[in-house]
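Encoded as structure tokens, the structure appears first; notes follow it.
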Amino acid sequence: MTNALIHAGSDVDVRPRAFADHVGLEVRNCDSHPPVPSPLALCEEENPEAEHGCGLLVVEALAGLWNSSPNGRGKTVSVEVPIPET
């Protein structure tokens, strides 16, 4: 969600959803460029497509599943985070 607010340059629509075994989150914005998980780069010249932070690296570490898809006027990034059993 933070990446969308910082990089999309458009309105951001966030839709959280709770399920019995996971939490789902959809983040929609008008930027059609897909998110690019990449090693952190110290400067933009090293990797201009890098996220320049830990956002997608954290998502990949915590999420059971994540996806990015075009939505007609931008993209939707969907994330499913498992709820640990107690």
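The values are calculated or read from the model by the stated rules, or taken from the named source; none is laboratory data. All of these numbers come straight from a predicted model, not from anything done at the bench. Cβ: placed from backbone, ideal geometry, glycine included. Neighbour counts: every protein chain shown. For accessibility, only protein heavy atoms count, side chains too; no ligands or nucleic acids. Shrake-Rupley method; radii C 1.70, N 1.55, O 1.52, S 1.80 Å.
Do you know which residues across the range 75-86 are outside any loop (DSSP other than H, G, I, E, B) and surrounded by fewer than 16 Cβ atoms within 10 Å (Cβ to Cβ)?
Scanning the range 75-86 gives VAL81, PRO82.
So GLY72 ticks every box in (1) loosely packed, with under 14 Cβ neighbours inside 10 Å; (2) closer than 11 Å to ASN3 by Cβ; (3) modelled with pLDDT of 60 or more but one. Which box is left unticked?
(2)
If you scan the range 13-33, which residues turn out to be open to solvent by less than 40 Å² (accessible area, probe 1.4 Å) and either farther than 21 Å from LEU65 by Cβ or assigned to a loop (DSSP other than H, G, I, E, B) (or both)?
Matches in the range 13-33: ASP31 only.
Which residues, taken from the range 5-57, are within 22 Å of PRO82 (Cα to Cα), touching a strand residue (DSSP E or B) at 6+ places or on another chain (Cβ under 6 Å) and at pLDDT below 85?
Across the range 5-57, the qualifying residue is only PRO35.
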